[in-house]
1. Tally the residues that are of a type in the set (Phe, Trp, Tyr), loosely packed, with under 12 Cβ neighbours inside 10 Å and closer than 16 Å to A:Phe229 by Cα, restricting the search to region A:16-51.
2. Can you list the helices (runs of 4 or more DSSP H) lying wholly within region A:132-224 that have 3 or more residues being closer than 30 Å to B:Pro92 by Cβ and of a type in the set (D, E, K, R)?
3. Which residues, taken from region B:103-119, are away from every other protein chain (no Cβ under 14 Å) and among the small types (Gly, Ala, Ser)?
4. What residue, of A:Val142, A:Val131, is touching a Ser or Thr at 6+ places or on another chain (Cβ under 9 Å) and more than 14 Å from chain B (Cβ to nearest Cβ)?
5. Given B:Ala170, B:Ala166, which one is touching a residue at least 24 places away in the same chain (Cβ under 8 Å) and either closer than 16 Å to B:Met234 by Cβ or surrounded by fewer than 16 Cβ atoms within 10 Å (Cβ to Cβ) (or both)?
6. What are the residues in region B:17-51 that are without any contact (Cβ under 8 Å) to a residue 60 or more places away in the chain and either in contact with a helix residue (DSSP H, G or I) (Cβ under 8 Å, 6 or more places away or on another chain) or surrounded by fewer than 24 Cβ atoms within 10 Å (Cβ to Cβ) (or both), if any?
7. Considering region B:120-130 alone, what residues qualify as being buried (at least 16 other Cβ atoms within 10 Å of the Cβ) and either among the basic types (Lys, Arg) or more than 14 Å from chain A (Cβ to nearest Cβ) (or both)?
8. Which condition from (1) part of a helix (DSSP H, G or I); (2) surrounded by 17 or more Cβ atoms within 10 Å (Cβ to Cβ) is the one that A:Lys244 breaks?
Amino acid sequence: MNGKQGAAKFAEAALPTLSVVFFLTAWEVFVRWRGIAPIFLPAPSSISFYLWRMIADGTMEYHLGVTLLRIFAGFFIAAATGIALGLLMGMSRIVARVADVWIAALYPLPKISLIPLLIIWLGTGEAYRIVISAITAFFPIVISTYSGIRQADQGLMKAAKDLGANTRQIQLKVVIPAAMPSILSGLQLGMGVTIILIVAAEMIGGSSQSGMGYLLINSGQVMETEKVFASLVVLAVMGAVIIKLQQWGDRKIAPWVAHDDR
Amino acid sequence: MDVVVEDVTQIWGGERTQVVALDRFSHRFRSDRFSCLLGPSGCGKSTLVQIVGGLEQATSGRVRIQDPQKGDSQRPLGADSVMVWQNLNLFPWRNVIDNVAFGLEMRGVARNERYEHADVLLGSVGLRGFERHLPGQLSGGMRQRVALARALIMERPILLMDEPFAALDAQTKIVMQEELLRIFDQTHKTVVFVTHAIEEAILLGDEVIVMTARPGRIKEVIPVNLPRPRSLEMINTLEFGALFDRAFHLIREEVTAAMAQQAEMVAGH
């Protein structure tokens, strides 16, 4: 390896981190130099101090834990029902026809617009938050599952038939594995919207007074801007970790799919 | 097992635009014979093997599988044959050994037993040590061997091959042809091999069935009396050259006809 290549490698490895460090330093210096009020824009150092304090006294863990539980509850309901209906649609033309009408009508509706109705019906407790996120995540999952099944390679199905597979075996051993990459990408989309909807629902009608969304809106209302930023940092990290874990899981489940992301 | 094809006609499309892919094709593919179907693209040769394999329904005509001694097979069409596909159709999510053992798995054979069996076949096609690889991790030639082993494990008397080597590079193709010749000499199956390569057809086949351009009919059946075991050196013999010339002239007429047809179709649109 010559020097030039080595420098390029080093730059590739270090520059992303350096850019973050540079950004934070510039922020810190800017806030201190201009004497900006923390209520408007706190310095990274004081944000991290607040973050540490919230972790130390357990508030952050509590709210994060509650939010995570809600996210997974909503996501699993959406995944189970979405995959089940998608599979049924893929295997029965009648189910597909009927479900298609409903999906076409309900999918384009912004799910947040259902919040008032759901609050009327379910109140502002756990049920409302989990239902709104599950409804939202349900659609991308069901659509991806169905399209994955419909796009299953005809050649593979013929080959399986030729090798003695019956209709049930073809569905179980060929069609569903073939649809797997599409189902997994549906689950990724579903997880994304679940996170958004849970946090949003925690901000609106927070009778339970818990969760990251509540923490954010509450800190904002009492002008504790440091806590707002600390919560945002935690939310960002949480989202990134969930997405990375999901990508790692996808590679374990479907290692035959070429992944472009690193 | 003989494959007796009688007046098979295949018409694609609806009421307005009908394409006759096969027109009253009749032939007896004999047991222990390597028969090559040679023809320009679009002559219906792939359609024919799919009909023989029970994977397509012919518009009219019929296919019988016949034991020369015992008479017609009572099993459904396709039960006595197995196909090797041009695009292989390996299951990308299954590793090599699970691809090879697929047919046994569908039959309900226990895992140990089917792995044992698959291992023998992997050995015979030179793929030991790659059991746990996914098809996507293998080269084209190795994938081709997996496809071959997956078909051979079925131990069906009729082997249908739809341009199996068309996508391989020249060197790999030669190796695979030799491999197939060796396997044929050992197993003695009824082989129906579709190709558009004249040299390949003569090198492998006991007979070369030259087909016409669309609609596919038999133009001529060329018997190939080169001795077995065959080897690649035979390509340089006079007999091979004579057979090649004969097939080449037949095929040239048909390719020219096919091109004229296509030009007409383009002009017509």
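The values are calculated or read from the model by the stated rules, or taken from the named source; none is laboratory data. No experiment lies behind these values; they were computed from the predicted model shown. Neighbour counts are summed over all protein chains in view; Cβ atoms, including those assigned to glycine, are modelled from backbone coordinates with ideal geometry.
1. Within region A:16-51, residues that are of a type in the set (Phe, Trp, Tyr), loosely packed, with under 12 Cβ neighbours inside 10 Å and closer than 16 Å to A:Phe229 by Cα number 2.
2. A:154-162
3. Once the filter is applied, which keeps residues that are away from every other protein chain (no Cβ under 14 Å) and among the small types (Gly, Ala, Ser), region B:103-119 yields only B:Ala110.
4. Working: A:Val131 fails: touching a Ser or Thr at 6+ places or on another chain (Cβ under 9 Å).
Going through A:Val142, A:Val131 in turn, the sole match is A:Val142.
5. Result of the check over B:Ala170, B:Ala166: B:Ala166.
6. Going through region B:17-51, the residues without any contact (Cβ under 8 Å) to a residue 60 or more places away in the chain turn out to be B:17-18, B:28, B:51.
Hits for region B:17-51 are B:Thr17, B:Gln18, B:Arg28.
7. B:Leu122, B:Ser124, B:Val125, B:Leu127, B:Phe130
8. Here A:Lys244 meets the rest and fails (2).
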